[in-house]
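Visitor: Before anything else, here's the structure in question.
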Amino acid sequence: MNALDQWLIQHESSLRLAVFLFVFCSMALWETLQPARAAHTPKRVRWLNNIGLLVINSFALRLLFPLAAVGFAQFAQQHKLGLLNNYAIPLTIALPCSVVLLDLCIYWQHRTFHHVPLLWRLHRVHHMDTDMDVTTAARFHTFEIMLSMAIKWLIIIALGAPVIAVIVFEALLNASATFNHANIRLPAKWDIPLRLLVVTPNMHRVHHSNVQTQTDSNFGFFLSLWDKLFNTYHYANASQEQAIQIGLTSFRQHPWRITTMLANPFRAAPKTK
């Protein structure tokens, strides 16, 4: 392992936190000054519960998964596990390829969580939010977060992604999820060229619709090309996007309460929005 990898592993948590806080604060300020939609629930109430769930999830991950994704990439590298760790591929090729392939895997994971009933029970907690802002990006059930980490381990070990690629991807995933969940007003002249490459808030807002055909579209988190490539892309113009009702129709009773979020997967309900 080279000196750069060692330094990055040492400071990975701080670097990722710094990127997250910068994007979170920037988007929070933007959506306060120029919100895309009016809120239905007081921000203080939603933020307290959504961020509370984030704290619980962070604690659970530290407790049950002491080896994070970057640590697992280091383990795979040391033991020559995975495709890229067994071939002399230059980092200039391995890094972008790993980031793109990891993003592809996240797309398919997300799509699978929508279509497998047991997994949807976990993931629907994310879609229960009747408003959408930067804190929605952190609103996932604890069991989904743990399962996602286990899946990420399997992907990293199969791919043999370089440590630096996993660090870059983790930072990009957190930053892009925070960006595309933000309740920011993004003019079409910015949104249309941006979504040629990345998932924008206008694009992802369709995914949080209460209409099932819209919810089961636009699964990407970072790169927008996967939805276009696999025929899950749904475009809504400005007026159509404004008409979308955010959140699941089946679960609109106190969807912001942390106790409701944690208990929801154990409640029977149809997937119909």
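The values are calculated or read from the model by the stated rules, or taken from the named source; none is laboratory data. Please read these numbers as outputs of a predicted model, since none were measured by experiment. Glycine also receives a Cβ, built like all others from the backbone with ideal geometry; neighbour counts cover every protein chain displayed. When the accessible area is computed, the model is the full protein with side chains, heavy atoms only, and any ligands, DNA or RNA have been set aside. Shrake-Rupley method; radii C 1.70, N 1.55, O 1.52, S 1.80 Å.
Visitor: Run the numbers on the chain and let me know its relative contact order in percent, using alpha-carbon pairs under 8 Å that are six or more apart. Don't skip to the end; give the middle numbers.
Guide: Details: 367 pairs, mean separation 74.4, N = 273.
It rounds to 27 percent for the chain.
Visitor: A further question follows. Run through all the Cα pairs of region 1-51 and give the fraction in each 10 Å bin from 0, expressed as whole percent.
Guide: Percent of pairs per bin, in order: 20, 35, 22, 15, 8, 0.
Visitor: Separate question: For region 116-223, state the average projected area of the convex hull of the C-alpha atoms over all orientations, rounded to one decimal in nm².
Guide: For region 116-223, averaging the hull's shadow over all directions gives 7.7 nm².
Visitor: Starting at the first residue of region 25-32, write each ³J(HN,Hα) from the Karplus equation 6.51 cos²θ - 1.76 cosθ + 1.60 with θ = phi - 60°, in whole Hz, x for Gly and Pro.
Guide: 5, 5, 5, 4, 5, 4, 6, 6
Visitor: On to the next question. Angle, helix 142-159 long axis vs. longest principal axis of the chain, Cα atoms, 0 to 90°, nearest 10?
Guide: Rounded to the nearest ten degrees, it is 40.
Visitor: Tell me the relative contact order for region 1-140 as a rounded percent, counting alpha carbon contacts under 8 Å between residues six or more apart. Spell out each step's value before the answer.
Guide: Numbers: 45 pairs, mean separation 55.7, N = 140.
Over region 1-140, the number comes to 40 percent.
Visitor: Here's something else I'd like to know. When the Kirkwood radius is taken over all Cα pairs of region 1-136, what Stokes-Einstein diffusion coefficient follows at 37 °C and 0.692 mPa s, in µm²/s?
Guide: 179 µm²/s
Visitor: Over all distinct alpha-carbon pairs, what is the Kirkwood Rh of region 151-272 in angstrom? Please list the in-between numbers first.
Guide: Working: mean 1/r = 0.0610 Å⁻¹.
With all distinct Cα pairs of region 151-272 included, I get 16.4 Å.
Visitor: Next question. Taking H as built 1.01 Å from N, whose amide H comes closer than 5 Å to the amide H of I184, not counting residues under 5 places away?
Guide: A36
Visitor: Can you work out ³J(HN,Hα) from phi for every residue in region 43-52, in order, using Karplus 6.51 cos²θ - 1.76 cosθ + 1.60 and θ = phi - 60°, giving whole Hz and x for Gly and Pro?
Guide: Whole-Hz 3J(HN,Hα) from phi for region 43-52: 4, 4, 5, 5, 4, 4, 7, 5, 6, x.
Visitor: For the chain, set up a GNM with springs between Cα atoms under 10 Å and report which of L118, L104, L173 has the largest fluctuation.
Guide: L118
Visitor: Whole Å is fine, so just give me how far the alpha carbon centre of region 212-273 lies from that of region 87-111.
Guide: 26 Å
Visitor: Listed here are the pairs K152/K228; K43/K189; K80/K152; which of them are more than 26 Å apart at the Cα?
Guide: Flagged as over cut-off: K43/K189.
Visitor: Find the accessible area per residue for region 6-54; the probe is 1.4 Å, ligands and nucleic acids are left out, and the unit is Å².
Guide: 64 Å²
Visitor: Gaussian network model of the chain, Cα springs within a sub-10 Å range: biggest mean-square fluctuation belongs to which of T130, T112, T215?
Guide: T112
Visitor: Take A238, project a point 7 Å from its Cα along the Cβ direction, then tell me which residues of region 158-186 have their backbone nitrogen under 14 Å from it.
Guide: The answer is 185-186, whose backbone nitrogens lie closer than 14 Å to the label point.
Visitor: Please give the per residue accessible area of region 120-273, computed with a probe of 1.4 Å over protein heavy atoms only, in Å².
Guide: Normalised by residue count, the accessible surface of region 120-273 is 38 Å².
Visitor: So how do 197-210, 20-33, 229-242, 68-81 stack up, highest first, on mean other-Cβ count within 10 Å?
Guide: 197-210, 68-81, 20-33, 229-242
Visitor: Roughly to the nearest percent, how much of the accessible area of the chain is carbon and sulfur, given a 1.4 Å probe?
Guide: Percent of accessible area from carbon and sulfur atoms in the chain: 70.
Visitor: Follow-up. How long is region 62-196 along each principal axis, judged by its Cα atoms, biggest number first, in Å?
Guide: 47, 38, 26
Visitor: Also, quick follow-up: Let me know the whole percent of all Cα-Cα pairs from the chain that are separated by more than 26 Å.
Guide: Of all Cα-Cα pairs in the chain, 42 percent lie more than 26 Å apart.
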